[in-house]
1. Quick one, can you get me the convex hull of the C-alpha atoms of segment 81-206 expressed as volume per residue in Å³?
2. How long are the semi-axes of the equivalent ellipsoid of segment 116-160, taking √(5λ) for every eigenvalue λ of the Cα gyration tensor, in whole Å from largest down?
3. Leaving ligands, DNA and RNA out of it, report the carbon-plus-sulfur percent of the accessible area of segment 41-137 at a 1.4 Å probe.
4. Would you mind listing how long segment 66-131 runs along its three principal axes, going by Cα atoms, in whole Å with the largest first?
5. Taking the Cβ of T154 as the centre, find all other residues whose Cβ is under 15 Å away and add up their charges (Lys, Arg: +1; Asp, Glu: -1).
6. Rg and Dmax of segment 15-104, using alpha carbons, in Å: what are they?
7. Average projected area of the Cα convex hull of segment 38-81, in nm²?
Amino acid sequence: MKNIAKIGLALGLLAGAANVYAGLIVAAPTGSSVVDFSQFNGNWIIGTGPIEVGGLVGESISWQSSYSSSVVGSGYYGLAGNGSWTPLREGYVGLNTGTSNDYMDFVFGNAPVASVGGLINYSTLFLPAYIEIFGDAGQLLESINISSVAAISTPGESDAGDFRGISRAANDIYVFRVRGAFAVLDDLSFSRNSASVATPGELWLFALGLLALICFRRRTDL
């Protein structure tokens with residue numbers, strides 16, 4: 001019975017290891033690449049995209065939105081309870097909708113990333129607001145209600161916001177999503193981990209090997 005318990009514990013630990021950790025971050029990791037949207041400084045581009053935004057950092061990053069009046073560029077942008085952003089912020093993106101159902105995505109075309117976030121703000125009159133990440137098949141990996149667990153409060157301020165993002169152990173983030181009324185983002189920051197991370201298949205091969213070793217030791221003890 002003790003050996004069966006050991007086997008169960010080993011497999012349970014390995015199954016847990018296969019679930020890559022995800023979590024909220026409030027500052028970009030050191031060495032992150034930053035998209036400042038400065039190439040769009042000036043008049044608004046209005047629509048849903050897609051618009052290529054990563055060229056200045058040598059990346060293919062597509063911005064796209066579910067809302068037809070979303071904006072890329074710079075100008076006066078009211079945040080309905082959290083101040084406003086102005087042309088002094090030279091290039092940013094805004095969802096420009098009064099609901100939490102619409103969203104704007106950043107799709108990483110070169111390779112997935114391990115951490116992503118940006119300087120974010122949103123309306124405090126039409127909550128909630130979320131940041132979310134998606135995997136290679138469009139599956140939701142993490143969803144964080146930032147208006148609840150890491151609220152941003154800048155009433156009456158101009159061009160203000162806070163960094164909010166998500167970090168994981170593996171490079172498996174293909175899409176970063178910001179969802180919330182009048183959400184805005186500048187300085188999209190992202191990074192990749194260079195260390196090799198074992199795949200689920202490799203972890204289960206290790207589990208089978210460990211199981212075989214435990215069984216062998218049990219036989220030699222008889």
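The values are calculated or read from the model by the stated rules, or taken from the named source; none is laboratory data. Everything quoted here is computed from the prediction, not taken from an experiment. Note that each Cβ is placed from the backbone with ideal geometry, even for glycine, and that neighbours are counted across all protein chains shown. Just so you know, the surface numbers come from the protein's heavy atoms only, side chains and all, with ligands and any DNA or RNA stripped out. Shrake-Rupley method; radii C 1.70, N 1.55, O 1.52, S 1.80 Å.
1. Values: hull volume 14.5 nm³, N = 126.
It is 115 Å³ per residue.
2. Details: eigenvalues 122, 27, 12 Å².
Equivalent ellipsoid semi-axes, largest first: 25, 12, 8 Å.
3. Values: 1890 of 3700 Å².
For segment 41-137, the apolar C and S fraction of the accessible surface comes to 51 percent.
4. The principal-axis extents, from largest down, are 36, 27, 23 Å.
5. On the way: positive: R89, R164; negative: E157, D159, D162, D186.
Combined, the nearby Lys, Arg, Asp and Glu give -2.
6. Gyration radius and largest Cα-Cα distance of segment 15-104: 15.7, 51 Å.
7. Details: hull surface 14.7 nm².
So the mean shadow area of the Cα hull is 3.7 nm².
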